[in-house]
Structures are given as structure tokens and as C-alpha cells.
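Student: Structure provided below as C-alpha cells; questions to follow.
The values are calculated or read from the model by the stated rules, or taken from the named source; none is laboratory data. All values derive from a computational prediction rather than experimental measurement. Methodologically, a virtual Cβ is constructed for each residue, glycine included, from the backbone with ideal geometry; neighbour enumeration extends over all protein chains shown. Accessible surface is based on the protein model in full, side chains and every heavy atom, while ligands, DNA and RNA are left aside. Shrake-Rupley method; radii C 1.70, N 1.55, O 1.52, S 1.80 Å.
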Amino acid sequence: MKKILAFAGSNYSKSMNHQLVNYTASLIDDLEVNVLDIRKWDIPIYSIDMDPDQTPDLISKLIKQIGEYDGFIISSPEHNGGTPAFFKNILDWLSRRGKKVFADKPVLLMSTSPGGGGGATNRKFLEHTLPYQGANIAAAYGLPSFPQNMQDGKLNDEQLKELKAAIQQFTSALK
Ligand SMILES: Cc1cc2nc3c(=O)[nH]c(=O)nc-3n(C[C@H](O)[C@H](O)[C@H](O)COP(=O)(O)O)c2cc1C
């Protein structure tokens, strides 16, 4: 059975993106999906001064884990139109410790926010930049207006249909 690692790039205890990742994982029953909760990760801000030999343990462990999985579900919040510093820092660490860390494996890239844009500006940015780290963005899904569209832990029918289509596109890209 193919193994999927799923996580949200948020450090907010009530993260909407983390909730979306959990919900998405609950919709997949023919793959092993493991949700990684990185909300409490305390990782120093990357500096070139830390190259090459000061690597946070969590980053080393994440690189090892990524190597063991066949695909990834990643959901990123958006802060001021960009990637939140918390997540960008992790991506910068990964870029310095693993060349093409995602090794051309498929990624379902998601985003959500309380606003009508659903974090699309940053999702587009990540669609463009994550491939430099080896991510094959096989499918993308954005959920706007999280509090309206996700109620009692469930998506409305219209959004659920869109998310299922994205999951289908993602899983069919798994080798
Ligand atoms: C500093 C800051 C900047 C934000 N900028 C945006 C933004 O540009 N676009 C957006 O859709 N939401 C923005 N938001 C609202 C976030 O979408 C919201 O806080 C959401 O909870 C973040 O996702 P998370 O719950 O998974 O952490 C911002 C929030 C903060 C704290």
C-alpha cells in the first residue's frame, strides 16, 4: 500500500489548514495516510551561519520521513499574501539539507483561509516554488471562507466534490 505523509504549514493551535488536512486524510481509505502535526515545532530561523553542520533534529527527522513516503498532502496558510514565516523557515531548512527533498513524488497542494481567496496567492507561489525542491504538484485544491464552507467538521457538497476530484487526480499520479 502506498504511503502518504500529510501536514499543514501552520503553528496555530486551531489551524484551519490542519483541520483541512485531517478531513482530507479521512476521505482516503485505500492508501496509508499519516498526518504529521508540526504545530508545536520550535525550529530556529535558518541562517547561512548554521551551514553545513547545525541542523535541527526535527528537520533531519522530517527529511528522513519524506524519503520514506510515496506522496504528500500539504496545506499552507497565507500570511500577507505569502508563506507564513513558520512554514517558509521549514522549507528553507529543507532546501539547504536535501537537494530536491520531495524527489519528484506527487503532492496534493492545498490551502484554506477565512477569506474568500482561500490562500490562493500563496498557493500559486508554492505551486511555482515547491517544484524547485522536487515536488511534483499533481493536484491543487483551495478552500475559501473556511468557517462558512466547513461546518461541524464537514465540507459542504460543492466543496467536497472539488476536494474529491483533487484527491483523485493526486492518487492517480502515485507511481
Ligand atoms: C499575520 C497574518 C496575515 C494574514 N494574511 C492573510 C492573507 O494574506 N490572506 C488570507 O487569506 N488570510 C490571511 N490571514 C488570515 C489567516 O488565513 C488565518 O489566520 C488562518 O487561520 C491561517 O491558517 P491556519 O489556521 O491554518 O494557521 C492572515 C493572518 C495573520 C495572522
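Student: Count the net charge of all other residues whose Cβ sits under 13 Å from the Cβ of K175, scoring Lys and Arg as +1 and Asp and Glu as -1.
Tutor: Around K175, the charge tally is +1.
Student: Here's a follow-up. For the chain, what does the convex hull of the Cα positions come to per residue, in cubic angstrom?
Tutor: Details: hull volume 18.3 nm³, N = 175.
Enclosed volume per residue, from the Cα hull, is 104 Å³.
Student: At a Förster radius of 30 Å, what calculated FRET efficiency corresponds to the Cβ-Cβ distance of E68 and Q168, to the nearest 0.05?
Tutor: Working: r = 24 Å, r/R0 = 0.80.
After rounding, the FRET efficiency stands at 0.80.
Student: Using a 1.4 Å probe over the heavy atoms of the protein chains, calculate the carbon and sulfur portion of the accessible area of the chain as a whole percent.
Tutor: Details: 4370 of 8910 Å².
Roughly 49 percent of what the probe reaches on the chain is carbon or sulfur.
Student: Compute the length gained on full extension between H128 and A25: take 0.36 nm times their separation in residues and subtract their Cα-Cα distance, giving the result in nm to one decimal.
Tutor: Details: separation 103, 0.36 × 103 = 37.08 nm, distance 2.43 nm.
The H128-A25 span can extend by a further 34.7 nm.
Student: Could you give the angle, 0 to 90 degrees to the nearest 10, between helix 120-129's Cα long axis and the longest principal axis of the Cα atoms of the chain?
Tutor: Orientation of helix 120-129: about 40 degrees from the principal axis.
Student: If you don't mind, another one. Place +1 on the Cβ of every Lys and Arg and -1 on the Cβ of every Asp and Glu in region 3-172, take the dipole about the Cα centre, and give the residue among P144, V33, V21 whose Cα lies farthest towards its positive end.
Tutor: Result: P144.
Student: Reachable lysines from K100, Cα under 21 Å, same-chain residues fewer than 8 places away excluded?
Tutor: K2, K3, K61, K64, K88, K124, K175
Student: Let me make sure I get this right: for region 98-174, a, b and c are the square roots of the gyration tensor eigenvalues over alpha carbons, sorted descending. Under 1.5 in a/c it's rounded, otherwise prolate if a/b > b/c, else oblate. Which is it? All intermediate terms of the calculation are to be shown ahead of the outcome.
Tutor: Values: a/c = 3.04, a/b = 1.66, b/c = 1.83.
It is oblate, given that a/c is not under 1.5 and a/b is not larger than b/c.
Student: Over the chain, what relative contact order in percent results from Cα pairs under 8 Å that are six or more residues apart? Before the final figure, lay out the partial values.
Tutor: Numbers: 306 pairs, mean separation 39.0, N = 175.
For the chain, the relative contact order is 22 percent.
Student: Please list Y132, Y69 from largest to smallest accessible area, probe radius 1.4 Å, with all protein chains kept in place. Before the final figure, lay out the partial values.
Tutor: Working: Y132 160, Y69 20 Å².
Heavy-atom accessible area, descending, gives Y132, Y69.
Student: Another question, if that's okay. For region 3-172, what is the accessible area per residue in Å² when the probe is 1.4 Å? Don't jump to the answer; show the numbers that get you there.
Tutor: On the way: 8450 Å² over 170 residues.
Ligands and nucleic acids excluded, the result is 50 Å² per residue.
Student: Also: Relative to a virtual label point 7 Å from the Cα of K2 in the Cα→beta-carbon direction, which members of region 147-175 show backbone nitrogen distances below 12 Å?
Tutor: From region 147-175, the list is 167-175.
Student: Could you work out the Rg to Rh ratio of region 61-125, with Rh taken as the Kirkwood radius (inverse of the mean 1/r over all Cα pairs)? Spell out each step's value before the answer.
Tutor: Details: Rg = 12.7 Å, Rh = 12.8 Å.
Ratio of gyration radius to Kirkwood radius: 1.00.
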